[in-house]
Amino acid sequence: MTPAYASQIVTDARVARFVGERIGAIIYPPFTCMGIERDGEIVAGAVFNCFTGHDVEITVAGRGWTRAFFRAVGQYAFEQLKCGRVQVTTEDEKIARLAERLGGQREGLLRDKFGPGKDGIVLGVLKREYKFNENAQSP
């Protein structure tokens, strides 16, 4: 019997390929990515691109998110990159609701962002409102 692999956070190119396949696009460098690997397979991922100093865009796809993953995403964006804001873009309503529970607010809709009939939901998450920020403000 083969032992089961534990979930782990990975940062290799497989994550960008996974997210790109889910949204129907090729994600070109430069980017940084972070994903969840379970039983040897990528099940969820976030691709960080369009870094402007105060803001970074994150495209996300998948399922099986963990608290450890969200802590790592926030630590990378808010502590390592020193962003005051992240922008999450997804076509998945479940991911949009999850981003809202983490402190994000819907900011708009990008029509056909991921192809014909595949709109992108845009959410902004401020550092001070991020659920896993130890200095987060209550709503």
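Search the stretch 15-37 for residues being aliphatic (A, V, I, L, M) and assigned to a loop (DSSP other than H, G, I, E, B), and hand back the single one that is nearest to Arg71 (Cα to Cα).
Going through the stretch 15-37, the residues aliphatic (A, V, I, L, M) turn out to be 15-16, 19, 23, 25-27, 34, 36.
In the following step, the residues that additionally are assigned to a loop (DSSP other than H, G, I, E, B) were identified as 25-27.
Values: Ala25: 27, Ile26: 27, Ile27: 24 Å.
Result: Ile27.
Suppose the filter is loosely packed, with under 14 Cβ neighbours inside 10 Å and within 15 Å of Val15 (Cβ to Cβ); does Gly40 pass it?
Values: loosely packed, with under 14 Cβ neighbours inside 10 Å: yes; within 15 Å of Val15 (Cβ to Cβ): yes.
Answer is yes for this residue.
In contact with a Ser or Thr (Cβ under 8 Å, 6 or more places away or on another chain), of a type in the set (Ser, Thr, Tyr) and crowded, with 21+ Cβ neighbours inside 10 Å: is that true of Thr59 in this structure?
Working: in contact with a Ser or Thr (Cβ under 8 Å, 6 or more places away or on another chain): yes; of a type in the set (Ser, Thr, Tyr): yes; crowded, with 21+ Cβ neighbours inside 10 Å: yes.
Answer is yes for this residue.
Could you tell me which residue of the stretch 5-14 is farthest from Asn49 (Cα to Cα), considering only residues that are in a loop (DSSP other than H, G, I, E, B) and out of contact with any Asp or Glu (no Cβ under 6 Å at 6 or more places or on another chain)? I'd like the intermediate steps shown before the answer.
First, the residues of the stretch 5-14 that are in a loop (DSSP other than H, G, I, E, B): 5-7, 11-12.
Within this subset, residues satisfying the condition of being out of contact with any Asp or Glu (no Cβ under 6 Å at 6 or more places or on another chain) are 6-7, 11-12.
Details: Ala6: 28, Ser7: 24, Thr11: 14, Asp12: 15 Å.
Residue satisfying both the conditions and the ranking: Ala6.
Where the second residue is modelled with pLDDT under 95 and among the polar types (S, T, N, Q) and the first is more than 13 Å from Glu91 (Cβ to Cβ) and lies in the stretch 105-130, which pairs have Cβ atoms under 6 Å and are six or more apart or on separate chains?
Lys127/Asn133; Arg128/Gln137
Under 11 Å from the mean Cα position of the chain (by Cα) and closer than 16 Å to Asp92 by Cβ: which single residue out of Ala77, Ala46, Ala25, Ala72 fits that description?
Working: Ala77 fails: closer than 16 Å to Asp92 by Cβ; Ala25 fails: under 11 Å from the mean Cα position of the chain (by Cα); Ala72 fails: closer than 16 Å to Asp92 by Cβ.
Being under 11 Å from the mean Cα position of the chain (by Cα) and closer than 16 Å to Asp92 by Cβ holds for just one of Ala77, Ala46, Ala25, Ala72, which is Ala46.
The values are calculated or read from the model by the stated rules, or taken from the named source; none is laboratory data. The structure displayed is predicted, hence computed values, not measured ones. With ideal geometry, Cβ positions are generated from the backbone for all residues, glycine too; neighbour counts draw on all protein chains shown.
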